[in-house]
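Nothing in this text is a laboratory measurement; each read-out follows from the coordinates by a stated rule. Computed from a predicted structure; not experimentally measured. Note: ideal-geometry Cβ built from the backbone for every residue, glycine included; neighbour counts use all protein chains shown.
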Amino acid sequence: MDNIEAMFQVSDESLGILIQDFGNEMKSGLATGQYDQPSRSDLKMIPSYVTGHPTGNEKGTYLALEISGVDIYVCQVKLIGEGGKLAINQYQYKIPDHLTAGDDIGILIDYVADCVADFQRRVGTGDPQRCYSMAISYGFAVRQTGLDRGIIIAMEHGFDFPNAIGCDIGDLFHQKFNAKGLAVKIVAIANDAVCTLLAHAYQHPSTRIGIVHAAGTNCAYYDRMANINGLLSEQQQDPINMDTEMIINTEWCNFGSKQYLPMTQFDHQLDNESNNRGIHIFEKMTTGMYLGEQVRQILVYLLDQQVLSFTTDDDDCLIRVPYHFDTSYMYVCEADEDLDTLEDTRVVLEEMCKVGPTTLADREIVKKACELVGNRAATLLGASIASVVRYMFDYGVDLDRLQGFAICK
């Protein structure tokens, strides 16, 4: 167990190198407009075309559409102003399994349009005399070319529609909305990290960084237009005001493909057994999609080394089945404060994972493994945030150095 503990320790020297390398990747990603070529930089640094900062005094009624995994959220947002006051009506819809893959992306977009139409009927936004502005938060890999335009370059999160690749996501929605007679105009598309930053900044105008970190991970931040001129050089159609700032989508989930991160044998094993080998290394080392699997692989190793004593030969036992030690189990074990029995940890192992009877020593080792994986993930995430902050200070982003600024998650 001492060897495993040493593997998951990240030294101060390693953290310093990591912060520097992350910053170098940011600058490399900003250097040219070819941000859809992943071989050039780990960080795609995609421009959002969202400029300026919310003040909290904006007013108006808008529609919002979010596609998050197999969930669709349609919202009516009323911005009241007065320092960030707002009101939201929201409905959630599920995407049926048979609409997650096929030959035509149109069947999915058609279903989404039906959801929007249903929402309008429910909340009374179907005024035929008014065209409602809508923003879309997407879950696909999109090469954004304007505030309301972007080319789909990959389908992710369980979706598979080959004919979607190369399509403009804004045009796809406009076609279906128009076909159904919906008075809706797409005025903006953005990924979830950009939306997180903007939503928080409306109520907290000092917000400059937005982070999404759950099953996946991403970060968006404000940068000076002067710093990203190369990024926009192949896209720009209008003169750029160098005094403004734009939100940049880092796509930092892919950081680490150039061996910047301190990977262990378990990280390499997880990557080799994944369906996207060699990419999204940072995501695999830090997010809820993978942390439980990291712990499970450690436990299997310790079982094979006879460090753990419980049996796993029951047909119902799940500990040797990939991705059957849920990341939520880690929290239960880490938060188990009954050190005399570690009863909650016993429940996870014996009742949830169906292993044989466990000893207190077994449970202590499992708790320690969860802590090691969780602490390292938090350390790597913190180092990445620190690198973004350092870059922003070094390259003149508008930050209040006396009052500070907000980072939202």
remark   = The extension gain from Asp304 to Ala154, computed as 0.36 nm times the residue separation minus the Cα-Cα distance, is 50.1 nm
note = In a Gaussian network model of the chain with springs linking alpha carbons closer than 10 Å, the residue among Asp118, Asp326, Asp340 that fluctuates most is Asp340
message = Cross-link candidates for Lys85: which aspartates and glutamates have Cα within less than 14 Å, leaving aside residues fewer than 8 places away along the same chain?
response = Glu58
ask   = Over region 54-204, what is the mean sequence separation of C-alpha contacts under 8 Å (at least six apart), divided by residue count, expressed as relative contact order in percent?
value = 26
ask   = Just how far, in whole angstrom, is region 1-25 from region 275-317 if you go by their alpha carbon centroids?
value = 21
remark   = If each part is reduced to its alpha-carbon centroid, region 383-409 and region 74-96 end up apart, in Å, by 29
request  = Count charges around Leu261 for me, please; just the other residues with Cβ under 14 Å from its Cβ, Lys/Arg as +1, Asp/Glu as -1.
outcome  = -3
task = Kindly put His213, His98, His204 in sequence by how many other C-beta atoms sit within 10 Å of each C-beta, fewest to most.
result = His98, His204, His213
Chain lengthening between Arg277 and Thr51 when straightened (0.36 nm per residue, less Cα-Cα) = 77.8 nm
ask   = Going by how many other Cβ atoms sit within 10 Å of their own, how do Asp313, Asp223, Asp344 line up, fewest first?
value = Asp313, Asp344, Asp223
In nm, spacing of pseudo-spin labels at Glu5 and Asn163 (7 Å Cα→C-beta vector) = 5.9
note = Most exposed first, judged by fewest Cβ atoms within 10 angstrom, Cys333, Cys115, Cys370 run Cys115, Cys333, Cys370
request  = Convert each backbone phi in region 176-188 into a coupling constant with the Karplus relation 6.51 cos²θ - 1.76 cosθ + 1.60 (shift: θ = phi - 60°), then list the ³J(HN,Hα) values in order as whole Hz, x for Gly and Pro.
outcome  = 6, 4, 5, 5, 9, x, 7, 7, 10, 10, 6, 10, 7
ask   = For volume of the Cα convex hull per residue in Å³, which listed value, [x] 183; [y] 129; [z] 173, comes from the coordinates shown?
value = [z]
inquiry  = Run the helix sum for the chain: -39,500 (n - 2.57) per DSSP H stretch of 4+ residues, divided by residue count, reported at 222 nm to the nearest 500 deg cm²/dmol.
reply    = -11000 deg cm²/dmol
ask   = Comparing Arg121, Arg208, Arg320, which has the greatest mean-square fluctuation in the GNM of the chain with Cα pairs linked when under 10 Å apart?
value = Arg121
query = So what is Rg over Rh here for region 54-204, counting just Cα atoms and using Kirkwood for Rh?
reply = 0.96
key: Environment charge at Glu5 (Cβ cut-off 10 Å; Lys +1, Arg +1, Asp -1, Glu -1)   = -1
task = State, as an integer percentage, the relative contact order of the chain based on alpha-carbon contacts under 8 Å between residues 6 or more apart.
result = 18
request  = Give, as a single signed number, the net charge of other residues whose beta carbon lies under 9 Å from the beta carbon of Glu334, with Lys and Arg counted +1 and Asp and Glu -1.
outcome  = -1
ask   = In degrees from 0 to 90, rounded to the nearest 10, what is the angle of the helix 291-304 Cα long axis to the longest principal axis of the chain?
value = 20
